[in-house]
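Visitor: One structure is given below, represented as structure tokens, and several questions about it will come after.
The values are calculated or read from the model by the stated rules, or taken from the named source; none is laboratory data. Since the model is a prediction, treat every value here as computed from it, not as a measurement. Cβ placement follows ideal geometry from the backbone for every residue including glycine, while neighbour counts extend to all protein chains displayed. The accessibility values were calculated without ligands, DNA or RNA, using every heavy atom of the protein model including side chains. Shrake-Rupley method; radii C 1.70, N 1.55, O 1.52, S 1.80 Å.
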Amino acid sequence: MGVRRKMALRFDLIIFTILLFASPVLSDLILSKVDRRFINEKLKNGEDFNFHLAIPCLQIDLTSQIVENEGSEPVSEVLLAFPDLQVKDLALLKASPHEGKGKVKSLSASLPVENVKPNGMPAALTFYAVKLPKALGKGDSYTFDVLAVFAHALRPFPEKITQADIQLVVFQESAFYLTPYVVKVQSLSVKLPESRIESYTKLENTKIHGSEIKYGPYENLPSFSYSPIVVHFESNQPFAVAQEVVREIEISHWGNVQVTEHYKLVHGGAQNKGEFSRLDYQARPTIRGASAFKYLIAKMPPRVHSVYYRDEIGNISTSNLWGDSKKTELLIEPRYPLFGGWRTAFTIGYGLPLKDFLFELEGNRFLNITFGSPMNELVIDNLIVKVVLPEGSGDISVSAPFPVNQWEETKLSHLDLTGRPVVVLQKTNVVPEHNQFFQVYYKFSKLSMLREPFMLIFGFFSLFVAGIVYMHVDMSISKSSAAYLARLQWDEVQAAIQQVENVINRCLTTHDKLEASLRDLSRTGDVQACKAARKAADGLLKELSKELKLVLSFLQSSSAASQILPKVEELVAKEKDLQEKVMAKHSTVVDCYEKKTGIRDSENRVAAQQQKITALRQEVENLLELIDEI
Amino acid sequence: MAAAAKAGEATLRHAFGNVLSFFILLLIGVLAFSIRLFSVIKYESVIHEFDPYFNYRVTQFLTKNGIYDFWNWFDDRTWYPLGRVIGGTVYPGLTLTAGTIWWLLNSLNIPLSVETVCVFTAPIFSAFASWATYLLTKEVKGAGAGLTAAALLAMVPSYISRSVAGSYDNEAVAIFALIITFYLYIKTLNTGSLFYATLNAIAYFYMVCSWGGYTFIINLIPMHVLLCIVTGRYSSRLYIAYAPLVVLGTLLAALVPVVGFNAVMTSEHFASFLVFIILHVVALVYYIKGILSPKMFKVAVTLVVSVGLVVCCAVIAILVALVASSPTKGWSGRSLSLLDPTYASKYIPIIASVSEHQPPTWPSYFMDINVLAFLVPAGIIACFLPLSDASSFVVLYIVTSVYFSGVMVRLMLVFAPAACIMSGIALSQAFDVFTRSIKFQLLRILGFSEADAGDGSSANVVPENDAVKVDKSEETIKERPSRKNKKKEKEQMEKAQAEKTSAKSKTEKRLLVLPMELSVIGLLLLVFMGAFYVVHCVWAAAEAYSAPSIVLTSYTHEGLHVFDDFREAYAWLRHNTEVDDKVASWWDYGYQTTAMANRTVIVDNNTWNNTHIATVGTAMSSPEKAAWEIFNSLDVKYVLVVFGGLVGYPSDDINKFLWMVRIGGGVFPHIKEPDYLRDGQYRIDSQATPTMLNCLMYKLSYYRFVETDGKGFDRVRRTEIGKKYFKLTHFEEVFTTHHWMVRIYKLKPSKNRIRGKMKKSKSRTSTPSSKRSGSRKKNPWQ
């Protein structure tokens, strides 16, 4: 795929000592001293600019310049010039007042920079104007630093290497500082990561100090001086480039900010050609696979939870998470080591506590969260940040520390009716310096939070109501169809049979009572009580038989009951039989007691009766059960 | 008023019982679902194994392109260069089900991914299946047996093995469809309702959509109908249960593209039509019998039988001639291997090579159904007491499925529900007997009755009398169950005797009650057995059947070690090769490669074209140059082999290699199995034959393997490899995974022609088209 220019070249510190000499064409500015430093190695925290520059593949251009006004007009702007070719890879351009080395430069102290198109300038250049804090009068001078970071400025050369080869890269620049102003003194130093330098352009005044190449100082350069230099050096640092990163930040007012990040990663260094031998890689990973990259570290906020790391075919098990109260670090390894030109894609996701990122301000809420990816060693070609706000948010506005493309979408998710508003921010050439906080302001009423629970409650409620209604409503279509009528009839018959059963059961209970009275009699010998019980039972049974007659006549008239009728009739007959037998037994026993005849004698007689009763009772119960089942 | 109260309480208790069984069923569903989540918890939410990946891919296509594109889908990413008509060759039930669930959820704004839906389809349907089992068993033997059977089915290991979360395979849905079809058949048989008959045909249609195993239904139900007719149980209900099923079911089945006219043309469906005719004849006979006097009827019978026999013989002769004229007798290979277990190993090595088509071993029965194996006979006995239409059906079901499960491991899955139903019946009956005995004995011991029940005069009256004395409400509670039990008692007593061979006096059936101690011990033993079953099932679900097989784990002294090599290789292929590159591998990995790596494969797990598979097998068994030619003629760019020698992964390609030789040799006779065997033994050490040591599979597996430890010790075969140092001339290694389990090679481009050699290689390397025809002699591809 041709030259993959995926290294991010960072020009940090162009020390623009813009001497303000009278330049007749422009204003009368002169750059009195320009110190340029190209840095292509890991910078430690706090060194030079206070950025967490741990990216091996970025080249940093730091220029510090002193501007002097030699003209009479006060001047408040200084122009910076870049060739158009470079501008398309320009990731970051920043100017700040020079405060000496090692000093911390806060972001607020930076000078405003804007794109301008001054007249009469060469066409292939793009200009940026730095606004000075106060206009320079005649003879005044001002020192400031410019930081420019370029992605894709380093090129691997050769473009294809084998697994065993070391990776060489080429860096091209101009030895002279490209500026519309006259430069009095200019020096350039190029700092390289490793001491091995394949070749470099030798000009006059070129010195090499270990891994640092110094050009200059050159004096009294006219405006737009240009002298190309090429440095070819070894860099086994892997070029991790994300072609596209989509970050989705979803806010839930129930206490969570869910971040999901989709990465499409590629190793932007020299492409691997020929065999990949796992054996060589495992045996001598530093030699055979020096330029392969093995892992990335994501620095995430503290109290992050539910972290996952997966791709489209499942979880990726090679990751490690640790953290303390200040930060959480996630080390992720791709499924396979990435050699030059190899690609991979994955997704990481994590939840953050809402209270750390969402604040309220004068009735507005705002989300305050970092813009870039948590991975520090990554250059992102195209970053899309989507902020998904809760359903019902309004008055949305975004404040970002640098220009981004911005539009809005809606997203339908769990229990949404109208969809959630989504703010989409898009930026190309993102480097870790862009990992700054941005804010999304919106209005959201607390009552809207209750909408979803209420929807659920209502949903379940109506489900149950529907169930109840279904159970109690007659759903049949035709009220006159034969089947429907038959069913109605059948229902009636069933009710009648139920009644019959009830009556029989009550009869049986009455029999039991009689039996009980007999037992009492045998215990106490109280004949009168027994007789009373008998009387009561008689009355009850009479009533019951009346009831039974009514129901039976109904059953006989009903055609639907024809199947079951014989059984019912049998049941009734058996019951009557049983009743008689019980009565007979009762009278026998009572007679015996009254006449005081031998109790032994009576027991013999009763035993015969008792057996019949038991058998009958059994039959009645069987019948009851049978009918029950029908 | 007492009676009214009692009746009220009865209905209340009835309602209470319903609510109780509803909640028990709900819990059974939850159990069935959650016991299958071990794979998600222990591993991850991922599709398992091989076939599920294909189903997953089809589902993705369906959700993306819609149903009409799905029916017309011609898949050009597999079986290159032939392609495969997916819409017409796949059982669409599972895919459509999951697709519908996904669509429903998404239209309700629940944005679940297709993968999530696919992963959880199987557990959801196993909950459905256990509910269906409840319904079926309830129709056969009542609600108690139903609940027991449902609980047993919810966790039977055999079914778990095919339906853990992520096991997105046809069987997951098909078992539910199978049981619900049987339930509706029994329901129709019991009620004679045309409504259920129609539902039955629809359930059958769903089963046909889901799984090729539907032929089991369409043979079992006719068998049962025939059984009913033979035993004189013909009724109009039987007619309603069967005739609509055949007519509607066949029409519906023919709508499924993969079945189509097979529904009337193949022998698998023949039995259903034959029985359909017999049923009508019998129905006619019964009708005529009804309208004729007995004497007339006798005359008519002799007349019809003599004429009918002649006609029948003629028809059968024609049919036999027709069937016999086709080489496979109208049966498909898989069905034939069911009828004749030795058929596949004799004629179709590709069916025999699949491990799940082997007959099971005895331990696998114990593993898969555990204690159910002992309960099944008791259940069968219970089904004969008394024998009803429904219980004869389940007896027939278990007898046939036992046979089928004995032929193929895979069909253990059909056997499992039958075993659960039988065991459910057995358990619930046994519990019934024991608890009832205990209850009666208890009452007797408490000694309320003054009518000293020593002679057991009124075991049924006693509790009632006692209850009357104690309390009204108590009476109702005691009385009712005892009455309920009575019917069962009759059946149980004999069964209990048969089972326990109790030496109790057999005075009167319904009064037969086991002694207290025996019942308590029996009950405890049953509970203990149930507990053992549960423990075993949980163990099986957690340990044995949850591994997704694309991720392997092992426990070492350092802790858990994960082998994720397959996905590493597939991810590499997906991201680092061209979209249209063709990848050759043994067919096992075809589905995974198309689904996970999204690359075109030559052969895959749908083994529809034996010749094509044989071509790949031949290439793998050929020396490097011949293999290169075969692969090159197939446009292959990468060759993928699975190699377990470094970490000891036993199911790698070297162990499968003999099947490649056999299948390749079956089509291309120049590959001969004996060439790869030394004295009938398969070995890869220094004793191995030169053919073996020079074949492509050997070389790709062991390329530079010796450099890992200096000796080349293969941990799977437990031996040093035979040929240690060699170079590849036509292939180059492009990727090997972390544990060397997957190795991917690239075909080197053909060399520029040198003038002197032009003549020699002319036929081979001119244009691709002439290459193919020119190399016909050497190249088995064509």
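Visitor: Filter region A:336-357 down to the residues that are in a helix (DSSP H, G or I) and in contact with a Gly (Cβ under 9 Å, 6 or more places away or on another chain) and list them by number.
Guide: Matches in region A:336-357: A:Leu354, A:Lys355.
Visitor: Could you grab me the full set of residues in region A:324-355 that are surrounded by 15 or more Cβ atoms within 10 Å (Cβ to Cβ), more than 14 Å from chain B (Cβ to nearest Cβ) and of a type in the set (S, T, N, Q)?
Guide: Selection gives A:Thr328 alone.
Visitor: Within region B:170-221, restricting attention to residues that are over 17 Å from B:Ala129 (Cα atoms), touching a Lys or Arg at 6+ places or on another chain (Cβ under 6 Å) and part of a helix (DSSP H, G or I), which residue is most open to solvent (accessible area, probe 1.4 Å)?
Guide: That would be B:Tyr196.
Visitor: Restricting attention to region B:402-410, does a residue exist that is in contact with an Asp or Glu (Cβ under 7 Å, 6 or more places away or on another chain), assigned to a helix (DSSP H, G or I) and open to solvent by 40 Å² or more (accessible area, probe 1.4 Å)?
Guide: Yes.
Visitor: Restricting attention to region A:75-123, which residues are hydroxyl-bearing (Ser, Thr, Tyr), open to solvent by less than 30 Å² (accessible area, probe 1.4 Å) and modelled with pLDDT under 75?
Guide: Listed by number, the list is empty, since nothing qualifies.
Visitor: Separate question: When region A:491-512 is examined, which residues are found to be within 12 Å of chain B (Cβ to nearest Cβ) and open to solvent by less than 10 Å² (accessible area, probe 1.4 Å)?
Guide: A:Val500, A:Val503, A:Ile504, A:Cys507, A:Leu508, A:Thr510, A:His511
Visitor: Which of the residues belonging to region A:259-279 are modelled with pLDDT of 90 or more and more than 13 Å from chain B (Cβ to nearest Cβ)?
Guide: A:Val259, A:Glu261, A:His262
Visitor: Are there strands (runs of 3 or more DSSP E) fully within region A:196-252 with at least 2 residues that are of a type outside the set (Ser, Thr, Tyr) and loosely packed, with under 14 Cβ neighbours inside 10 Å? List them.
Guide: The strands (runs of 3 or more DSSP E) meeting that bar are A:206-209, A:212-221, A:228-234.
Visitor: Considering only residues that are among the acidic types (Asp, Glu) and within 13 Å of another protein chain (Cβ to nearest Cβ), look in region B:542-585 and name the one that is farthest from B:His738 (Cα to Cα).
Guide: Filtering region B:542-585 for residues that are among the acidic types (Asp, Glu) and within 13 Å of another protein chain (Cβ to nearest Cβ), the one farthest from B:His738 (Cα to Cα) comes out as B:Glu578.
Visitor: Could I ask something else about it? Tally time: how many residues in region B:592-629 are surrounded by 24 or more Cβ atoms within 10 Å (Cβ to Cβ) and in contact (Cβ under 8 Å) with a residue 60 or more places away in the chain?
Guide: Final tally of qualifying residues: 16.
This table checks each residue for (1) under 19 Å from B:Tyr703 (Cβ atoms); (2) in contact with a strand residue (DSSP E or B) (Cβ under 8 Å, 6 or more places away or on another chain); (3) of a type in the set (Val, Ile, Thr); (4) part of a strand (DSSP E or B).
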{"site": "B:His561", "(1), (2), (3), (4)": "no, yes, no, yes"}
{"site": "B:Trp572", "(1), (2), (3), (4)": "yes, yes, no, no"}
{"site": "B:Gln592", "(1), (2), (3), (4)": "no, no, no, no"}
{"site": "B:Thr607", "(1), (2), (3), (4)": "no, no, yes, no"}
{"site": "B:Met620", "(1), (2), (3), (4)": "yes, yes, no, no"}
{"site": "B:Lys625", "(1), (2), (3), (4)": "yes, no, no, no"}
{"site": "B:Val641", "(1), (2), (3), (4)": "yes, yes, yes, yes"}
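Visitor: So, in region A:616-630, how many residues would count as being surrounded by fewer than 18 Cβ atoms within 10 Å (Cβ to Cβ), more than 10 Å from every other protein chain (Cβ to nearest Cβ) and either modelled with pLDDT of 80 or more or over 60 Å from the mean Cα position of the chain (by Cα) (or both)?
Guide: Residues meeting the conditions: 1.
Visitor: Considering every residue within region B:604-613, establish whether at least one is under 21 Å from the mean Cα position of the chain (by Cα) and not polar (S, T, N, Q).
Guide: Yes.
Visitor: Sticking with this structure for a sec: Hey, could you check region A:307-323 for residues that are under 18 Å from the mean Cα position of the chain (by Cα) and outside any strand (DSSP E or B) and say which is nearest to the other protein chains (Cβ to nearest Cβ)?
Guide: The residue in question is A:Ile313.
Visitor: Just wondering, is there one or more residues in region A:295-307 that are open to solvent by 50 Å² or more (accessible area, probe 1.4 Å) and among the hydroxyl-bearing types (Ser, Thr, Tyr)?
Guide: The answer is yes, given that some residue of region A:295-307 is open to solvent by 50 Å² or more (accessible area, probe 1.4 Å) and among the hydroxyl-bearing types (Ser, Thr, Tyr).
Visitor: Here's something else I'd like to know. Under 7 Å by Cβ, and 6 or more places apart or on different chains, what pairs join a residue from region A:412-437 that is within 14 Å of chain B (Cβ to nearest Cβ) and farther than 16 Å from A:Ile369 by Cα with one that is modelled with pLDDT of 85 or more and part of a helix (DSSP H, G or I)?
Guide: Matching pairs, first to second residue: A:Leu415/A:Glu452; A:Leu415/A:Met455.
Visitor: Of the residues in region B:226-280, how many are touching a Gly at 6+ places or on another chain (Cβ under 8 Å), open to solvent by 50 Å² or more (accessible area, probe 1.4 Å) and part of a helix (DSSP H, G or I)?
Guide: 4
Visitor: Wholly within region B:10-80, which helices (runs of 4 or more DSSP H) include no fewer than the required count, namely at least 2 residues that are β-branched (Val, Ile, Thr), open to solvent by 20 Å² or more (accessible area, probe 1.4 Å) and out of contact with any helix residue (DSSP H, G or I) (no Cβ under 6 Å at 6 or more places or on another chain)?
Guide: In region B:10-80, the matching helices (runs of 4 or more DSSP H) lie at B:38-42.
Visitor: Any residue that is assigned to a helix (DSSP H, G or I), touching a residue at least 40 places away in the same chain (Cβ under 8 Å) and open to solvent by 70 Å² or more (accessible area, probe 1.4 Å) - is there at least one of those in region A:466-477?
Guide: no
Visitor: Right, something else. For region A:513-546, which positions are farther than 17 Å from A:Arg617 by Cα, within 12 Å of another protein chain (Cβ to nearest Cβ) and among the aliphatic types (A, V, I, L, M)?
Guide: A:Leu518, A:Leu540, A:Leu544
Visitor: Further question: Wholly within region A:137-195, which strands (runs of 3 or more DSSP E) include no fewer than the required count, namely at least 3 residues that are buried (at least 24 other Cβ atoms within 10 Å of the Cβ)?
Guide: Output list reads A:141-151, A:182-191.
Visitor: Cβ-Cβ below 6 Å, separation at least six or inter-chain, first residue in region A:551-565 and under 15 Å from A:Ile627 (Cα atoms), second open to solvent by 20 Å² or more (accessible area, probe 1.4 Å) and modelled with pLDDT under 70: which pairs?
Guide: A:Ile564/A:Ile630
Visitor: Of all residues in region B:645-662, which are open to solvent by 10 Å² or more (accessible area, probe 1.4 Å) and outside any loop (DSSP other than H, G, I, E, B)?
Guide: Result: B:Asn655, B:Lys656, B:Leu658, B:Trp659, B:Arg662.
Visitor: Report every pair of residues separated by at least 6 positions or lying on different chains whose Cβ atoms are under 8 Å apart, first residue within region B:702-721 and within 12 Å of chain A (Cβ to nearest Cβ), second assigned to a loop (DSSP other than H, G, I, E, B) and open to solvent by 80 Å² or more (accessible area, probe 1.4 Å).
Guide: B:Val706/B:Tyr725
Visitor: So for region A:229-240 (the condition being within 14 Å of another protein chain (Cβ to nearest Cβ) and either without any contact (Cβ under 8 Å) to a residue 40 or more places away in the chain or not hydroxyl-bearing (Ser, Thr, Tyr) (or both)), does at least one residue qualify?
Guide: Checked against the condition, which is being within 14 Å of another protein chain (Cβ to nearest Cβ) and either without any contact (Cβ under 8 Å) to a residue 40 or more places away in the chain or not hydroxyl-bearing (Ser, Thr, Tyr) (or both), region A:229-240 yields no hits at all.
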